[in-house]
Amino acid sequence: MDDTHYREVRENGFVRLPGLMAGGTLARLKSAVSDLEDLARDRTVSSGDFILEAPGIGGWAAWQQGARALTGVLRSADRIHEHVPEFDAVQRSLDLAGGPVAGAAGSPGTLVNAFLWAKPPVVGSAKPWHQDIAFAPPSFGPEEHGIVTIWVALEPATERNGCLQFIPGSHLLGLFPHTGDRERLPGEPPRAGAVEPHVA
């Protein structure tokens, strides 16, 4: 990252970094995703770090309601660097913490989490408008902690297939009110009619 990128991050809240993942690195990530999918292959209900897709109501709602989902079809996976260490190896080999993160934040970062968002064809449900900080643990506030996310598309991301979208400068407006239900904690009973948190 250079000074122009740094200014873009400060002004817009994001910056594109074409070429961050070269062909070999992208192949390593795709292979790691295949390993992750293997771990979820026989699952029929979302649990732990693996959220499965569900037609009609969507993966998040099915997870909160304890409803059956599509066997082995991932919507998302949390802490993927712990389930498949290759994800951590890739981010270390690219020095993401000392390179792009340091360039965006002004100092090197520490990996807090690696996460997979999957949008399977035909059955993939939408992820509504939101701010990531709304889902941070209660002790993790924007005033005390700087957060930088590096998002990598493993397949071509277009408006037609549901690419990630940003509102430039919205990070300067603080945390917006989010409507919906909080995620149930382990051991809590399923909740009928759960609504995924979102910004109107």
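The values are calculated or read from the model by the stated rules, or taken from the named source; none is laboratory data. Please read these numbers as outputs of a predicted model, since none were measured by experiment. Positions of Cβ are backbone-derived with ideal geometry, glycine not excepted, and every protein chain shown enters the neighbour counts. Areas reflect the complete protein model, heavy atoms only, side chains present, ligands, DNA and RNA absent. Shrake-Rupley method; radii C 1.70, N 1.55, O 1.52, S 1.80 Å.
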**Request:** Answer rounded, prolate or oblate for segment 100-194, using the Cα gyration tensor with square roots of eigenvalues a ≥ b ≥ c: rounded when a/c is under 1.5, else prolate when a/b is larger than b/c, else oblate.
**Result:** oblate
**Fill in**
Residues meeting the amide H criterion for ARG191 (H placed from the backbone, H to H distance under 5 Å, 5 or more places apart or on another chain) are GLN65, GLY66
**Asked** What stretch of the chain, leaving out the sites themselves, is the longest with no GluC sites (Glu not before Pro) in a DSSP loop having at most 13 other Cβ atoms within 10 Å?
**Response** 1-142
**Prompt:** Given 0.36 nm per residue, what is the gain on full extension from THR71 to SER31 after removing their alpha carbon distance, in nm?
**Reply:** 12.4 nm
**Request:** Express the relative contact order of segment 34-117 as a whole percentage, based on alpha carbon pairs under 8 Å and six or more residues apart in sequence.
**Result:** 27 percent
**Request:** Output ³J(HN,Hα) for segment 9-20: one whole-Hz value per residue in order, computed from phi by the Karplus curve 6.51 cos²θ - 1.76 cosθ + 1.60 with θ = phi - 60°, and x for Gly and Pro.
**Result:** 4, 5, 7, 9, x, 7, 8, 7, 10, x, x, 4
**Stretch gain in nm, segment VAL123-ASP78, where the contour uses 0.36 nm per residue and the Cα spacing is subtracted** = 14.2 nm
**Request:** Quick one: dipole size for the chain, taken about the Cα centre, charges +1 on Lys/Arg Cβ and -1 on Asp/Glu Cβ, in debye to the nearest 20.
**Result:** 460 debye
**Low-density loop cleavage sites - trypsin sites (Lys or Arg not before Pro) in segment 159-200, where at most 11 other Cβ are within 10 Å (DSSP)** = ARG160
**Message:** For LEU96, LEU36, give me the order by solvent-accessible area with a 1.4 Å probe, most accessible first, ignoring ligands, DNA and RNA.
**Reply:** LEU96, LEU36
**Request:** Pull out the extension gain between SER139 and VAL112, defined as 0.36 nm times the separation in residues minus the alpha carbon to alpha carbon distance; nm, one decimal.
**Result:** 8.4 nm
**Message:** If you take mean projected area of the Cα convex hull in nm² from the coordinates, which of (i) 10.2; (ii) 13.2; (iii) 11.8 do you get?
**Reply:** (iii)
**Whole-Å distance, taken between Cα centres, linking segment 112-169 and segment 58-79** = 17 Å
**Item:** Positive dipole terminus of the chain, leading residue within GLN165, ALA104, ALA54 (C-beta point charges)
**Value:** ALA54
**Asked** What is the chain's relative contact order, in percent, from Cα pairs under 8 angstrom and six or more apart in sequence?
**Response** 24 percent
**Request:** Could you compute the FRET efficiency for GLU159 and GLU86, with r as their C-beta to C-beta distance and R0 at 35 Å, rounded to 0.05?
**Result:** 0.70
**Asked** Size of the dipole of segment 27-66 about the Cα centre, Lys and Arg at +1 and Asp and Glu at -1 on the beta carbon, nothing else charged, in debye to 20?
**Response** 80 debye
